[in-house]
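Enquirer: Shown below is the structure under consideration.
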Amino acid sequence: MSKLFRHATVVTLSTQEGWSIISDGAIWVNDDHIQWVGKDSSIPLSAAYDSEEDLEGAVVTPGLIDCHTHLIYGGDRTEEFEERLKGVSYAEIAHGGGGILSTVRATRASSSEVLLESAKKRLLSLMQEGITTIEIKSGYGLSLDSEATCLRVARQLAIELPVSVRTTCLAAHTIAPEFSGEGGGDSYVEAVCHWLPLLDAEGLLDAVDGFCEEIAFNRQQIRRIFSTAQRLGIPVKLHAEQLSNQHGAELAAEFGALSCDHLEYLDTAGIKAIAKSGTVAVLLPSAFYAIREKQCPPVSDLRAAGVPIALATDHNPGTSPCLSPLLIMNMACILFRMTPEEALRGMTVNAARALGLSDRGKIVTGSRADLAIWPLDHPRELAYGIGQHPQCRLIVGGKEVSL
Ligand code: DI6
Ligand code: FE
């Protein structure tokens, strides 16, 4: 397709700060990329396109990017939801064999067809709110076979739906049931280190992640996983300082991690470390909300240190059954005191960086033509509304998709 979109409010995010809006702007999409963007009054005379459309002032943003999800799983956790409302804590449920492990049981009992269909429905909901690129983690299989199944389902989603998928192995999510008992954590980590080259050989890994927490894995264990990933040339990310400060961020920085995620308990040393390594801070406001966390991530210190901040749904059945990127942007503003502009950057350009992608997240010449067209007057409305579901149109890789 070669098409010219005219008379749009183009939110380019092309500069370090500010919305960088081109009012009465035009975008020339050629095949899968943006050939030219600028004022409607200065469309190049040489521009050659098959069709044009007047957007009548509609807001055009880069397609949204959800850079942290656990989209593939079996079952649900509604019983646990009720337990937690009665006052049982997330950690207590985990210690009692529930939580992540209950989803592992349900995932292992599901066929890949069932996993695919349920994940597809969730992904469609996300796309209806502007998502054009998504990261999907494994981590509810916890055996070589079951982790591979989940990652293959993630790859299949990109074949069946017009969306880009990046896959992350989170086998180090919790200790697999087969390894429970004394020393089981170390033996499980050793097993995961054997699985990674096999998963990689099948082309299933864009990144490797781990959960560094008292109820999950310690720093030495994460170090072993990261060293294996590093030998394979796979970038790493980390669930760090979500429930307590384990100084996972410093470890992740040492490995040049793409991102550290959650970060409620991140301290000054951690901020300094990730600022130096260029690691993105991925904040997950709906997990914060759903577990009624009281401690906010250190947003103003991250900002002052120049750490890029991304946002994501963290969609998972336990702590974040959220399928609304726009609600995430609103929560980031209300709960974390981010600005609407920071919220949009968090789900576009900074989210791209958290995935190691430099070809998207902004509307500039040469970037991938992933665009969301919104029936709004100003992009700040994206973070303002609560459950308003503006009907967006999506252009993915230069093609309009119907949802
Ligand atoms: N942190 C989270 O919030 C999710 N995983 C993680 O490491 C929760 C996953 C779950 O409870 O199923
Ligand atoms: Fe997560």
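Enquirer: Using a simple charge model, +1 on the beta-carbon of Lys and Arg, -1 on the beta-carbon of Asp and Glu, nothing else, what dipole does the stretch 64-354 show about its Cα centre, in debye to the nearest 20?
Expert: 560 debye
Enquirer: Most fluctuating residue of N30, N330, N350 in a GNM of the chain with Cα springs under 10 Å: which is it?
Expert: N30
Enquirer: A follow-up question, please. Which residue, S187, S20, S42, has the most motion in a Gaussian network model of the chain that connects Cα atoms within less than 10 Å?
Expert: Its mean-square fluctuation being the largest, the pick is S42.
Enquirer: Same structure again: Order of Y90, Y73, Y140, Y49 from fewest to most other C-beta atoms within 10 Å?
Expert: Y49, Y90, Y73, Y140
Enquirer: Let me ask you something else. Using +1 on the beta carbon of Lys and Arg, -1 on that of Asp and Glu, and nothing else charged, what's the dipole of the stretch 314-403 about the Cα centre, debye to 20?
Expert: Dipole size: approximately 180 debye.
Enquirer: Something else: 7 Å from Cα along Cα→Cβ at both Q220 and E117: what's the point-to-point distance in nm?
Expert: Simple spin-label model gives 4.7 nm for this pair.
Enquirer: Which Cα, out of T268, I21, Q220, lies furthest along the positive dipole direction of the chain (beta carbon charges, K/R +1, D/E -1)?
Expert: T268
Enquirer: By the gyration tensor of its Cα atoms, with a ≥ b ≥ c the square roots of the eigenvalues, what is the shape of the stretch 215-282: rounded for a/c under 1.5, prolate for a/b over b/c, or oblate?
Expert: Oblate is the answer for the stretch 215-282, as a/c is 1.5 or above yet b/c matches or exceeds a/b.
Enquirer: Still on this structure, please answer the following. Any chance you could check the Cα centroid distance between the stretch 1-65 and the stretch 67-96 for me, in angstrom?
Expert: 43 Å
Enquirer: Mind telling me which of E117, E178, E241 comes out most flexible in a GNM of the chain, alpha-carbon contacts under 10 Å?
Expert: For the chain, modelled as a Gaussian network with Cα springs under 10 Å, the answer is E178.
Enquirer: Please find the FRET efficiency linking E53 to V401, where r is the Cβ-Cβ separation and R0 is fixed at 22 Å, and quote it to the nearest 0.05.
Expert: 0.90
Enquirer: Give the residue from A332, L394, V349 lying farthest towards the positive end of the charge dipole for the stretch 327-403; charges sit on Cβ (+1 for Lys and Arg, -1 for Asp and Glu) and the dipole is referred to the Cα centre.
Expert: V349
Enquirer: Based on DSSP H runs of at least 4 residues, each adding -39500 (n - 2.57), what is the mean residue ellipticity at 222 nm of the chain after dividing by all its residues, to the nearest 500 deg cm²/dmol?
Expert: Here the helix-only value at 222 nm equals -10500 deg cm²/dmol.
Enquirer: Is the stretch 1-123 rounded, prolate or oblate when judged by the Cα gyration tensor, a ≥ b ≥ c being the square roots of its eigenvalues, rounded requiring a/c under 1.5 and prolate requiring a/b larger than b/c?
Expert: Since a/c reaches 1.5 and a/b is larger than b/c, the shape of the stretch 1-123 is classed as prolate.
Enquirer: At a Förster distance of 60 Å, what's the computed FRET efficiency of E190 paired with L45, Cβ-Cβ distance as r, to 0.05?
Expert: Plugging the Cβ-Cβ distance into 1/(1 + (r/R0)^6) gives 0.40.
Enquirer: Right, something else. Report for the chain the percent antiparallel among DSSP-assigned beta bridges with both residues inside it, nearest 5.
Expert: 45 percent
Enquirer: Using Cβ counts within 10 Å as a stand-in for footprinting exposure, how do C260, C296, C193 rank, fewest first?
Expert: Ordered by Cβ neighbours within 10 Å, fewest first: C296, C193, C260.
Enquirer: Can you tell me the orientation of helix 112-128 relative to the chain, as the angle in degrees between its alpha-carbon axis and the longest Cα principal axis, to the nearest 10?
Expert: 40 degrees
Enquirer: Give me the aspartates and glutamates in straight-line cross-link reach of K276: C-alpha distance below 12 Å, same-chain residues under 8 apart excluded.
Expert: Within the straight-line limit of under 12 Å, K276 reaches these aspartates and glutamates: E250, E254.
Enquirer: How much length is gained if the chain between L198 and A91 is pulled fully straight, taking 0.36 nm per residue apart and subtracting their Cα-Cα distance, in nm to one decimal?
Expert: Difference between extended and current length: 35.3 nm.
Enquirer: What is the fewest-to-most order of I22, I225, I328, I159 by other Cβ atoms lying within 10 Å of their Cβ?
Expert: I159, I22, I225, I328
Enquirer: Place +1 on the Cβ of every Lys and Arg and -1 on the Cβ of every Asp and Glu in the chain, take the dipole about the Cα centre, and give the residue among S286, S89, L238 whose Cα lies farthest towards its positive end.
Expert: L238
Enquirer: Using 0.36 nm per residue, how much length does the chain from T365 to R105 gain when fully extended, once their Cα-Cα distance is taken away?
Expert: Net length gain for the segment: 88.9 nm.
Enquirer: So, one more: How much length is gained if the chain between R6 and Q156 is pulled fully straight, taking 0.36 nm per residue apart and subtracting their Cα-Cα distance, in nm to one decimal?
Expert: Residue separation times 0.36 nm, minus the Cα-Cα distance, leaves 50.5 nm.
Enquirer: Could you tell me which of the pairs K237/K362; K137/K399; K137/K272; K237/K272 are separated by over 19 angstrom between their Cα atoms in the structure shown?
Expert: Correct reply: K237/K362; K137/K399; K137/K272.
Enquirer: Between R292 and Q391, how high is the FRET efficiency from 1/(1 + (r/R0)^6) when r is the Cβ-Cβ distance and R₀ = 45 Å? Nearest 0.05.
Expert: Using R0 = 45 Å, I get an efficiency of 0.90.
Enquirer: Please label the shape of the stretch 64-354 as rounded, prolate or oblate, based on the square roots a ≥ b ≥ c of the eigenvalues of the alpha-carbon gyration tensor (a/c under 1.5 means rounded; beyond that, a/b larger than b/c means prolate, else oblate).
Expert: Here the stretch 64-354 falls in the rounded category.
Enquirer: Then there's this: Any idea how far apart D32 and E182 come out in nm if each label point goes 7 Å out from Cα toward Cβ?
Expert: Computed distance between label sites D32 and E182 equals 5.5 nm.
Computed from the coordinates by the stated procedures, all read-outs in this text should not be read as laboratory data. Because the structure is predicted, anything quoted here is derived from the model rather than measured. Every residue, glycine as well, gets a Cβ built from its backbone with ideal geometry; the counts of neighbours run over all protein chains shown.
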